[in-house]
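Here's the structure, in structure tokens; my notes come after.
The values are calculated or read from the model by the stated rules, or taken from the named source; none is laboratory data. Quantities reported herein were computed from a predicted structural model and do not represent experimental measurements. Using ideal geometry, Cβ is built from the backbone for each residue, glycine included, and neighbour counts are taken over all protein chains shown. What goes into the accessible areas is simple: the full protein's heavy atoms, side chains included, and nothing from ligands, DNA or RNA. Shrake-Rupley method; radii C 1.70, N 1.55, O 1.52, S 1.80 Å.
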Amino acid sequence: MRVTQSMLSGNMLRNLSGSYSKLGKLQEQITTGKKVNRPSDDPVVAMKGIHYRTELNNVKQFSRNLGEAYNWLDTTDNTFDKIGSALQRARELMVQASSDSVTSEDREKINSELKQLREHIQDLSNTKIGNRYIFSGTKTTTPPYEKGVGFQDPDADPAFRSPIEIQVFNGIQIKINTNPIDLFRSVDDMFAQIDNNISTATGTDLSAHIDAIDDQLDALLSMRADIGARQNRIELMDDRLQSQEIIATKQMSDNEDVDYEKTITEMITQESIHRAALSVGARIIQPTLVDFLR
């Protein structure tokens, strides 16, 4: 086969173009720190990268969901703690009122404080996070208690007993709300009975209200125990998500990130090959073309 000058020039230009392309790709990898900067560079690595990045984004979303769950449960527990303190104070007052040595005037003063405690618990029942009432089940825009109306009736609207669940991992949901509407109604009825009886009842009769307060405290304690159990589970899920985030980040890094030492070595080698190609081309191409290339 006859080899002409134009064939030599064409081959050299194609080889130089290919060499520039390899140098450009290596330089881009070093600059961006990524093996793949477009899907055409390596479709397999690109598809794996999409999968790992999706998994990492899911983990971060689950972590944000856990933050919301922490907020709900911590707020609920704090509210129940204040309700418990109010009931404890009510118990102390009823112990004083149940003594037959207490005058009617003293009982009126005690009842005045009991009314304030009742209103305090009513206010606590309407605790909100943002614009949502946390004790209204799924009807988060409706307050559990309305002045002049009283507490909502969950038998008439079961939504006040409905759970609110949040996804904290693939296929795992945790209930973040508590449904104490029945407890609130029972506590409010108890205060109403005390208000009706405290002025006329004997000390022995009033002692029965102390037992009623104890029952409410026990019910409240059971709810707080359930909250504590869910808080512990969320902490376990938080640890799991943190480990999962580390694993997903490492997988994505191993898949996409360049090995700088290896890539720089390849770039230096490619530069040497490129210079050699230019040197060989200068020997076989006419001087005018070599001058042009220079």
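General remarks:
- Accessible area (Å², 1.4 Å probe, nearest 10) - MET223: 40
- Of all accessible heavy-atom area on the range 170-240, the percent that carbon and sulfur account for (1.4 Å): 45
- Label point of SER101 set 7 angstrom out along Cα-Cβ; within the range 191-226, amide nitrogens under 16 Å from it belong to 203-204.
- Solvent-accessible area per residue, Å², over the range 43-111 with all protein chains present [probe radius 1.4 Å]: 53
- Förster-model FRET efficiency, 30 Å R0, VAL149 and ASN71, C-beta, rounded to 0.05: 0.60
- A 1.4 Å probe over all protein chains sorts PHE135, PHE169 by accessible area into PHE169, PHE135, starting with the largest.
- Accessible surface, 1.4 Å probe, highest first, among residues ILE246, ILE227: ILE246, ILE227
- Accessible area of HIS51 (1.4 Å probe, protein heavy atoms only, ligands and nucleic acids ignored): about 110 Å².
- Checked against a 25 Å cut-off, the cross-linked pairs LYS82/LYS115; LYS175/LYS250; LYS22/LYS262; LYS128/LYS175; LYS25/LYS48; LYS60/LYS82 give Cα-Cα distances beyond that limit for LYS175/LYS250; LYS60/LYS82.
- Note on THR265 and ARG64: their simple-model spin labels are 4.2 nm apart, each label 7 Å out from Cα toward Cβ.
- Accessible surface of VAL187 - all protein chains present, 1.4 Å probe, nearest 10 Å²: 10
- For GLU256, GLU146, GLU235, the ranking by accessible surface with the largest value first comes to GLU235, GLU146, GLU256, using a 1.4 Å probe.
- For LYS139, the aspartates and glutamates whose Cα falls under 19 Å of its own Cα, not counting residues fewer than eight places away in the same chain, are GLU68, ASP123, ASP153, ASP155, ASP157, GLU165, ASP182.
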